[in-house]
1. Which one, Phe383, Cys486, Leu335, is farthest towards the positive end of the dipole of the range 90-497 when Lys and Arg carry +1 and Asp and Glu -1 on their Cβ?
2. Which of the trypsin sites (Lys or Arg not before Pro) across the range 288-345 are loop residues per DSSP, with 16 or fewer other Cβ within 10 Å?
3. Which order do the peptides 137-143, 401-407 take when ranked by the mean count of other beta-carbon atoms within 10 Å per residue, highest first?
4. Over the range 90-497, with the other protein chains present, what is the accessible area per residue in square angstrom, probe 1.4 angstrom?
5. Cross-link list Lys162/Lys447; Lys180/Lys446; Lys178/Lys209; Lys217/Lys384; Lys131/Lys442; Lys241/Lys352: which exceed 28 angstrom alpha carbon to alpha carbon?
6. Listed highest first by mean packing, meaning other Cβ atoms within 10 Å per residue, what order do 486-492, 427-433 come in?
7. I'd like to know which of His114, Gly140, Val207 lies farthest towards the positive end of the charge dipole of the range 103-221, counting +1 on Cβ of Lys and Arg and -1 on Cβ of Asp and Glu.
8. Considering only C-alpha atoms, what is the centroid distance from the range 418-488 to the range 279-326, in Å?
Amino acid sequence: MDPLSLPKLKQHNSLSNIIAIFLSTMAMLSKNLHSTSTPLQLLLVLLSLQRLFLFQQWNWNPIFHLLLLFCFFLVYVLRVGALALKPPSVYLVDFSCFKPPSTCQLPLSRFIQHASSIISFDSQSVEFMAKIVASSGLSGQTYLPPALLSSPPKTHQREYIKEAEMILLPLMDDLLTKAKLSPRDIDILVIHCSAFCPSPSLSSIIVNKYSMRSDVKSFNLSGMGCSAGAIGIDLAQNLLKTNNNCYAIVISTEILSAGWYSGHERSKLLINCLFRMGSAALLLTNRKEASKTSKYRLIRTLRTQTAFDDKAYLTAIREEDDDGKLGVTIDKGLLPAAGELLRSHMTILGLKILPLTEKLKHVVSVIRKKFKDKEGEIYMPSFKTAIQHFCLPTSGRALIGEIAKGLNLDGRDVEASLMTLHRFGNQSSSSMWYELAYMEAKERVKKGDKVLMLGMGTGPKCCSCVWECVRPIAGGSNKNNPWRDCIHLYPIEAVSSISQT
């Protein structure tokens, strides 16, 4: 409100004039008081109002000056209170991706030879798996843990622990070195792994190996599927909202030897063909000083699920086959269920992050179709108006293609997802971080860009995170980027076309 628009007061001190001054002054102060306003700026606003009083010849009555001071005090207190109640921002300081040794690489020829040597697989099972791997979009450079490369595969507790330590310890070392922190600086630890849930837990193993503090808040998530990475971030964010000046580490991993299936049911053999070795660790904080050194700021998280629906719930479930062998059954209804889940999830997310123009275009098209043009198409909002980069589930080329179609994404938008699937395979909940590492290695993420991470897992459940890049990121700044030695070879045109998915 313009100060000159304040109602002119007559010389008599009426109640209506006092109310008018109070409301007008509050409106002006509210307009000029922002979260970044300094006391000096607020004082200037106060003095400008006082000069207005002098100009209007109201200075003869002290009540107006007292009223002005009261308005200033009230609005300032309300602003300070609002800032005090606002939860601190959550920043991503840095992240690390595990790159297995070359001895764990699995070319297709080696996979077929290895599978053929396993007595529990018959010729039909080997032929089926070879066909799936050949058409999956995976290259011959993906990795399996040493326990599964043995003949026969070693699938018992001791090997699971060895695999976990092989992945988690170098990952933690790299992340702490990047951040120049000690393990005792960490306040919150979240680890998630679907197939393996030992006792003591994986988080306890980390606390023990690194002699972390006795009051560290540690959590271990299991059975959450490929969406667990985003779910872990959501959990850490909620903890950081209620604990000030903290560091939180979130680790996404999968112990493949614990999920290996050695039977004959084709719906369970798919897990052997698509999932590969990988893990990621990220450092989050709510410290104010981190805003200048961190890579990203967490803008929003969203979680939805359809586990209440029996048909959707049973599309991916871990169970025994007729011979008592444990494996994950992938039902044919998985893609339709995933599509419905994604549709409802993105609708909610769109309402929260899309610009008003996109929302209005959609509403207008719906009204036009209902009342005027029955044959007209409904306008689908473009998420690219709010998001510059997409990290999608790498559960297969078909799913990536369906998501790209639903969100109207082009080849460049899904390039990181397809290349991650090709180079590293489906790494469950950690794949999204290999995708972000790909974008950083290509130097595509600029300051101010928004990144959408989308995780979909068993349940079914969907979880998304929206990040904002807060500083320039150079491709060569991360010497341990998993793409460092091969980024110049990508993208590979033969696997980058969505039409082939």
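The values are calculated or read from the model by the stated rules, or taken from the named source; none is laboratory data. Keep in mind it's a predicted model, so treat the numbers as computed, not measured. Counting neighbours? That spans all protein chains shown, and the Cβs are built from the backbone with ideal geometry, glycine included. Only protein heavy atoms, including side chains, enter the accessible area calculation; ligands, DNA and RNA are left aside. Shrake-Rupley method; radii C 1.70, N 1.55, O 1.52, S 1.80 Å.
1. Result: Phe383.
2. Answer by residue number: Lys325, Lys332.
3. 137-143, 401-407
4. 44 Å²
5. Values: Lys162/Lys447 40 Å; Lys180/Lys446 24 Å; Lys178/Lys209 19 Å; Lys217/Lys384 37 Å; Lys131/Lys442 32 Å; Lys241/Lys352 20 Å.
With Cα atoms farther than 28 Å apart: Lys162/Lys447; Lys217/Lys384; Lys131/Lys442.
6. 427-433, 486-492
7. The Cα lying farthest towards the positive end belongs to Val207.
8. That distance is 15 Å.
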